[in-house]
Amino acid sequence: MLKKTLYLNMLVAVSLTTTSCLTVGNQFPSVVNWIKPNVTTKTEIEKAFGPPYRVGYDSGMKTYSYGYYKYSLFSESQTKDFTIRFNENMTVYNYTFSSSFPEDK
């Protein structure tokens, strides 16, 4: 009986440890200062960052969104967002980048 209790306790501990963190999205580069409005193309963005997490429209402009979110029960959660709006000719109109990852602060 003691072995079963010990085994059950270990199983619960491992389950809590492995499920205490949730990651959503894909990691992407934080360096965005090379992007130039009206110059950098959609193709260059895709080459540097891969496929977007979400695609949509903002005020009629094609929009790419990249997101990477690490949620944790036992430490501070970390998030990173990058949104790019494209002109009609598929060059960057503008972009926003925000992050709570320590290396980006």
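Nothing in this text is a laboratory measurement; each read-out follows from the coordinates by a stated rule. Model, not experiment: these values are computed from the prediction. A quick note on method: Cβ atoms are made from the backbone with ideal geometry, for glycine too, and the neighbour counts reach across all protein chains shown.
Determine which member of the set Val92, Val32, Val39 is assigned to a strand (DSSP E or B), farther than 23 Å from Leu22 by Cβ and not aromatic (Phe, Trp, Tyr).
It is Val92.
Only residues in segment 27-52 that are over 16 Å from Thr63 (Cα atoms) count as the first member; pair them with residues that are of a type in the set (D, E, K, R) and surrounded by 15 or more Cβ atoms within 10 Å (Cβ to Cβ), Cβ under 9 angstrom, at least 6 apart or cross-chain, and list the lot.
These pairs meet every condition: Gln27/Lys80; Phe28/Lys80; Ser30/Lys80.
Pick from segment 60-75 the residues that are touching a residue at least 24 places away in the same chain (Cβ under 8 Å) and either basic (Lys, Arg) or over 17 Å from Glu46 (Cα atoms) (or both): which of them is surrounded by the most Cβ atoms within 10 Å (Cβ to Cβ)?
The residue in question is Lys70.
Is at least one residue of segment 43-52 loosely packed, with under 15 Cβ neighbours inside 10 Å and either in contact with a Leu (Cβ under 6 Å, 6 or more places away or on another chain) or in a strand (DSSP E or B) (or both)?
No, because not a single residue in segment 43-52 is loosely packed, with under 15 Cβ neighbours inside 10 Å and either in contact with a Leu (Cβ under 6 Å, 6 or more places away or on another chain) or in a strand (DSSP E or B) (or both).
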